[in-house]
1. Taking 0.36 nm per intervening residue step and subtracting the Cα-Cα distance, what contour gain separates residue 334 from residue 396 on full extension?
2. What is the distance, in nm, between label points placed 7 Å from the Cα along the Cα-to-Cβ direction at residue 66 and at residue 292?
3. State the extension gain, in nm to one decimal, for the chain segment bounded by residue 268 and residue 403, taking 0.36 nm per residue of separation less the distance between their alpha-carbons.
4. For the peptides 24-32, 204-212, 143-151, what is the packing order when you average, over each peptide's residues, the other Cβ atoms within 10 Å and list the highest mean first?
5. Order of 381-393, 326-338 by packing, highest average Cβ count within 10 Å first?
6. With a point put 7 Å past each Cα toward its Cβ, work out how far residue 58 is from residue 5 in nm, to one decimal.
7. Order of 441-448, 341-348 by packing, highest average Cβ count within 10 Å first?
8. If we count other beta carbons within 10 Å of each Cβ, what is the order of 76, 125, fewest first?
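Where a number appears in this text, it was derived from the coordinates with a stated rule and is not lab data. What you see is a predicted model, and the numbers here were worked out from it, not measured in a lab. No Cβ is skipped: glycine too gets one built from the backbone with ideal geometry, and neighbour counts run over all protein chains shown.
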Amino acid sequence: MKVVVTSRQTIKPSNPTPQHLCQLKLSLLDQIQQPHFAPFIYFYASSNSGLNKATNDRRRSEKLKESLSETLSWFYPLAGRVKNNLFFDCNDEGVPFFEAQVQSNLDHVVGQSNSNSPLNCLFPYPDFDDAGDLLLAVQLNFFDCGGMAIAVSRGDYSNLVYPQFDSANIFPPTLNPNTNHHKHGVGTTKKKIIAKRFVFSDSAISTLKAKYTPTPTTATATATATATATAIATATAVTANNKTIHNNPTRVEALSTFIWCRYKAATRGKAVYGERIRYPVIQGVNLRTRLNPPLPNSYYSNLSRFSIAILAPPALEKGAIGEDHGSLVTQMRDGIRKVNSDYVRKLQEGGGGGGMGGLNSKKEEGGNKGGGGGGGGGDAVFTFMFSSIARFPLYETDFGWGRPVWVTSGAINLDNTVVFLPTKSGDGIEALIFMNKGDLAKLETDKEFLSFVSNPKFPLLSSL
């Protein structure tokens with residue numbers, strides 16, 4: 001699939017940012033967030049406008065650029081740059097906007113079960129590290145058939161909702177610009193990462209939810225042990241007398257547990273003799289609901305952190321041979337419960353050491369040792385990260401020519417990472433799995449894994 005960039009422009013806000021808003025402090029959570037892009041691509045079918053292709057493409061382009069310019073007046077930090085890890089310089093420098101011609105038809109990318117065309121070539125910066133201090137970049141791709149793909153690389157300093165920009169008052173920043181020791185590429189791997197899409201139908205997910213429902217004994221023990229923890233939306237719901245427990249896992253919990261189990265089964269034997277194998281699971285947690293009072297979703301910032309669950313050896317062994325499946329869900333929930341109101345308060349009071357440093361160091365430890373330990377009786381750490389946007393209304397993005405036929409993510413160079421997205425029909429979940437080539441090949445030959453996967457009629461996302 002050949003992609004030829006035909007134009008490059010910089011789109012600026014339709015109205016200049018007022019002087020008193022030109023410098024916006026980063027919150028502490030912005031400062032300690034590892035910098036990376038959230039790359040998404042929206043595919044649209046050819047419109048039946050009656051216009052010739054050149055005219056139709058031009059009108060679509062003009063409408064998108066006008067819309068982006070108006071949007072940047074509201075989300076003005078996106079047109080600026082991050083300075084010294086201390087503040088947004090809202091200088092209206094603008095957002096790069098690329099246009100490209102794709103010498104292929106849309107149905108060669110969308111709808112083919114065996115296409116190996118990488119999609120990162122449709123993004124403005126195929127190597128996302130080249131984006132530097134940009135917060136947003138867009139590429140509009142026109143296919144020969146009249147179809148179109150809009151690729152958006154959004155820096156993770158932002159959370160696009162109707163904006164409020166005072167999160168720094170909630171999580172006061174540090175004045176030390178070296179608070180975030182992360183650099184672009186840190187936490188990623190130089191190994192060859194493959195990204196593939198697997199579709200799980202609603203019926204398959206229902207079966208997995210039943211399979212991974214914690215037993216009453218397991219759930220009761222968990223509820224008792226964590227009685228002082230703040231309840232979370234997806235955790236077990238316990239009445240005062242502990243008689244009523246909502247055990248059923250969510251769709252994402254069931255899929256996360258299933259993929260985790262099949263990965264462990266497929267990669268069994270990777271550790272060197274004498275090593276103890278550890279499988280940390282990292283999950284994103286929304287902090288808005290854990291503040292007192294809770295925050296609305298309109299706060300513009302990285303109001304999320306990570307939870308980590310590390311299976312205890314007995315549970316790990318049982319999960320591996322298929323006995324107490326529900327205990328895996330319980331332990332993942334326990335990890336999320338630790339990100340509670342006390343945890344948030346410690347972040348607000350001093351940031352770093354009160355729990356956040358531990359999460360980051362464990363995450364990096366898992367990332368650095370993801371390929372196995374060094375032998376000699378130590379630990380072999382194989383970290384898995386799960387992130388879900390399965391409830392996001394991605395398919396409601398309509399610019400006037402209909403809803404997208406497919407929305408997906410570009411590849412990210414993170415080993416053992418799973419991103420859950422909604423399906424177009426809304427009754428299933430797409431799992432994008434990023435994994436090194438050898439492990440993914442093993443997973444794809446796992447009969448139990450394949451028995452729950454629908455045939456994905458979409459391409460390999462990328463070969464990095």
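1. 18.9 nm
2. If labels sit at residue 66 and residue 292, their model points lie 5.1 nm apart.
3. Details: separation 135, 0.36 × 135 = 48.60 nm, distance 4.29 nm.
This chain segment gains 44.3 nm when fully extended.
4. Going from most to least packed, we get 24-32, 143-151, 204-212.
5. So the order, starting with the most tightly packed, is 326-338, 381-393.
6. 2.3 nm
7. Most protected by this proxy first, the peptides run 341-348, 441-448.
8. 125, 76
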